[in-house]
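Notes follow once the structure below has been shown.
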Amino acid sequence: DIFFYAYRLSHPLGEWSITTCLNAPTPLAALKLDYEQYGSRISVVEQLRGKSGWLTLVRLAVTAFETTESLIFSGCTDDGKPLDQDICEKLLNIPANAKPVPLSASIPDVLESTSKRRVEATIAEALENNQRLFNAERDKLERWADDKLLSAEEALKNTKARIAQLKRDARKANSLQEQQDIQNELSELERKQRRLRQDIFDVEDEIIAKRDELIESLQQRLRQKTESKTLFTLHWQLV
């Protein structure tokens, strides 16, 4: 009996398979795809039966505010018609009826130019996403800073108002006991007022520290880095 097991990509065997495939040599080759072996219908691929063309896959990593990785397919038929990402992915789902055959040929300009445009478009999209992430982090910091300062300043304002009221009450006190009670509360509130003022300074220092972190992340984004690697290029024929 034959048993089949499904492994997650994060499983050690899955990680080994991915690493091995990424590092495997992939010289230019020709591949014949057999549509009948697929077993079900894919209309966009079926239209390519009897045709041939080119396909290439680029792995792109863009590091800025965060790192994003993309697998970018580009393809075309031999008569120059470009194939989009979805068609290229579906085309590679079709089983081959033989092993790839080494090929000595020149890659057509239309394939190289299409691949270059798609890589550039993906980089631009990744940087836009990074800009949105940065803006969201900036807005989040500003809302947090406003809330922290407002809360600290409100507590100080209430304490100041209570101190002012007690001073007015002290001038109207009718007994020494009442005067003592007021002065005790005043002393306690003045100590609290000093703590609240220090709290505001601490909050401002914390805000400055977090803003410095955000500025550092922005500088990191300005040092953006892109890495691209062509994983394979092949000439396909769909029968």
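No value in this document is a laboratory result; all are computed from the given coordinates. A quick note: this is a predicted structure, and the numbers were derived from the prediction, not measured. Methodologically, a virtual Cβ is constructed for each residue, glycine included, from the backbone with ideal geometry; neighbour enumeration extends over all protein chains shown.
Averaging Cα coordinates gives a centre for the range 186-227 and one for the range 75-93; these two points are 53 Å apart. One Cα centroid belongs to the range 121-176, the other to the range 17-59; the line between them spans 58 Å.
A Förster radius of 30 Å, combined with the Cβ-Cβ distance separating R59 from K210, puts the computed FRET efficiency at roughly 0.30. Here the calculated FRET efficiency for A98 and E69, from their Cβ-Cβ distance with R0 = 45 Å, stands at 0.90, rounded to the nearest 0.05.
If I model a spin label at E89 and I42 as a point 7 Å from the Cα along the Cα→Cβ vector, what separation in nanometres do I get? Here the modelled spin labels are 1.1 nm apart. Quick one: helix 12-23 against the long Cα principal axis of the chain, what's the angle to the nearest 10°, folded into 0 to 90? Roughly 60 degrees between the two axes. Shown in residue order for the range 122-135 are the 3J(HN,Hα) couplings computed by the Karplus curve 6.51 cos²θ - 1.76 cosθ + 1.60 at θ = phi - 60°: 5, 4, 4, 5, 5, 5, 5, 4, 5, 5, 5, 4, 4, 4 Hz (x for Gly and Pro). In the range 29-97, taking the dipole from charged Cβ atoms about the Cα centre, the farthest positive-side position among Q37, L60, G80 is held by Q37.
Karplus-derived 3J(HN,Hα) values for the range 45-58, using 6.51 cos²θ - 1.76 cosθ + 1.60 with θ = phi - 60°, are 7, 4, 5, 9, 4, x, 10, 9, x, 10, 8, 9, 10, 10 Hz; glycine and proline are entered as x. Ignoring lysines fewer than eight residues from K160 along the same chain, the ones with Cα atoms less than 17 angstrom from its Cα are K192. Computed from label points 7 Å out along Cα-Cβ, the spacing between R143 and E112 is 4.9 nm.
In this simple spin-label approximation, T20 and D79 carry label points 7 Å from Cα along the Cα→Cβ vector, and these lie 4.2 nm apart.
Considering only Cα-Cα distances, which of the following residue pairs are longer than 32 Å: K32/K116; K140/K167; K51/K225; K148/K172; K90/K229; K167/K210? Present the calculation step by step, with values, prior to reporting the outcome.
Values: K32/K116 26 Å; K140/K167 41 Å; K51/K225 39 Å; K148/K172 37 Å; K90/K229 21 Å; K167/K210 39 Å.
Beyond 32 Å: K140/K167; K51/K225; K148/K172; K167/K210.
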